[in-house]
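Each remark here refers to the structure printed beneath this line.
The values are calculated or read from the model by the stated rules, or taken from the named source; none is laboratory data. In this text, all values refer to a predicted model and were calculated from it rather than measured experimentally. Methodologically, a virtual Cβ is constructed for each residue, glycine included, from the backbone with ideal geometry; neighbour enumeration extends over all protein chains shown.
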Amino acid sequence: MSGAALAERGAALAEPPATAPADGALRARILALRDGLEHGLIGCSGLVERLMIGLLTGGHLLIEGAPGLAKTRAVKRLADGLDGSFARVQCTPDLMPADLTGTTVWRQDSGSFEFLPGPLFHSLILVDEVNRAPPKVQSALLESMAEGQITVAGHTHPLPDPFMVVATQNPIEHAGTFPLPEAQLDRFLLHVVVEMPDEASERAILDLVEGELNHHAEAMPVRLTLDEVRAAREAALSVYVSPALKDYLVRLVAGTRSDAAAPDLRAAIEHPASPRGTLALMVAGKARAYLHGRDHVVPEDIAALASDALAHRIGLTWRAAAEGKTARGIIGGLVQRVRAL
Ligand SMILES: Nc1ncnc2c1ncn2[C@@H]1O[C@H](COP(=O)(O)OP(=O)(O)O)[C@@H](O)[C@H]1O
Ligand SMILES: [Mg+2]
């Protein structure tokens with residue numbers, strides 16, 4: 001029996017699905033997942049919020065930070081809170097696209113080809129140190145993220161839904177890395193930068209991890225089913241964005257293209273953000289509003305996420321870069337200068 005037929009039979013034998021929880025109950029479970037993540041990730045509420053936004057929008061995340069800042073831990077913890085399959089890929093310069101996508105093998109006994117799916121065929125995938133993977137692997141990954149399917153040996157295979165990629169990269173390691181192509185960076189909904197913890201957080205990390213070493217690990221309080229994730233996604237994406245707020249979004253992104261908002265900031269930009277960036281910011285803003293218990297987006301949702309949603313989609317001029325300007329700084333400046341309403 002084929003895998004699909006087996007799955008179908010399994011579904012038929014399973015209990016009938018419980019009726020979908022009312023919106024409030026579902027949101028409570030989403031917030032329990034968020035709180036469970038925060039509990040095990042000291043001082044990482046920004047990262048946790050963005051992981052939740054990725055989950056609620058179907059968006060992929062690129063997390064950048066030095067080693068040892070709980071990036072892997074964060075994604076593993078998210079996997080613990082989800083009733084879906086999880087895979088981790090450690091990127092190295094000798095990784096090949098088939099190591100991600102899978103391969104087709106010849107089966108002597110049945111006299112036919114069989115597709116052996118690779119780690120991409122999971123609901124949540126941690127791609128560690130993505131900038132150490134060679135360009136062909138990166139492009140296979142980015143293509144799957146954009147299209148929700150993979151073509152191997154001429155056959156197209158759909159990826160699971162939900163399908164969420166969280167890639168990490170280490171900014172200090174340059175030798176032997178392949179920077180992600182700028183044009184493909186915008187496959188990521190958000191680019192999140194994690195910083196060193198402050199002293200109080202670091203102290204709390206010691207206690208937490210010491211406790212875990214002594215077998216006092218706190219399990220995730222919930223384990224969301226994929227149906228719940230899909231339902232929450234629908235609810236989050238139906239959050240209202242007013243026409244005035246859409247105008248604000250457009251003004252903000254247009255500030256990367258024209259001199260209307262801030263000519264000095266615009267002059268630092270070589271490649272502006274595309275409409276994909278504007279859409280990403282709107283969708284991320286909806287998910288943030290949902291997490292904050294609102295049925296509508298407010299300017300604060302947009303301002304809070306603008307750098308993470310837009311900075312990786314713009315390129316600075318060499319002069320601006322040489323002057324030490326950063327894309328995040330430019331977007332931050334635009335947020336301060338563009339009037340919200
Ligand atoms: N903010 C944090 N909260 C909890 N544990 C942390 C935190 N920062 C670091 N750690 C601990 O430090 C270690 C390194 O974490 P890891 O997820 O492997 O880092 P990374 O993937 O960023 O290199 C782990 O033992 C983790 O528990
Ligand atoms: Mg790691």
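Computed quantities for the displayed model
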| item | result |
| --- | --- |
| Criterion (surrounded by fewer than 21 Cβ atoms within 10 Å (Cβ to Cβ), at pLDDT 95 or above and farther than 30 Å from Ala311 by Cβ) met by exactly one of Ala32, Ala22, Ala4 | Ala32 |
| Selection within region 91-118 - free of Cβ contacts under 8 Å to residues at least 60 places away in the same chain and in a loop (DSSP other than H, G, I, E, B) | Cys91, Thr92, Asp94, Leu95, Met96, Gln108, Asp109, Ser110, Gly111, Gly118 |
| Positions within region 178-193 being at pLDDT 95 or above and surrounded by 18 or more Cβ atoms within 10 Å (Cβ to Cβ), in sequence order | Phe188, Leu189, Leu190, His191, Val192 |
| Single unsatisfied condition, Trp106 versus (1) surrounded by fewer than 17 Cβ atoms within 10 Å (Cβ to Cβ); (2) of a type in the set (A, V, I, L, M, F, W, C); (3) within 22 Å of Leu55 (Cα to Cα); (4) modelled with pLDDT under 95 | (3) |
| Which listed residue is within 13 Å of ligand 1 (Cβ to nearest atom) and in contact (Cβ under 8 Å) with a residue 40 or more places away in the chain, from Val137, Val209, Val130, Val165 | Val130 |
| Among (1) within 22 Å of Gly59 (Cβ to Cβ); (2) within 15 Å of ligand 1 (Cβ to nearest atom); (3) surrounded by fewer than 17 Cβ atoms within 10 Å (Cβ to Cβ), the one test that Arg77 misses | (3) |
| Single match in Arg50, Arg88 (criterion: assigned to a strand (DSSP E or B), under 23 Å from Leu180 (Cα atoms) and within 16 Å of ligand 1 (Cβ to nearest atom)) | Arg88 |
| Top-ranked residue in region 205-252 [being buried (at least 18 other Cβ atoms within 10 Å of the Cβ) and not in a helix (DSSP H, G or I); ranked as nearest to ligand 2 (Cβ to nearest atom)] | Met220 |
| Test: residue in region 147-158 that is at pLDDT below 95, closer than 23 Å to Lys76 by Cα and away from ligand 2 (no atom under 16 Å from the Cβ) | yes |
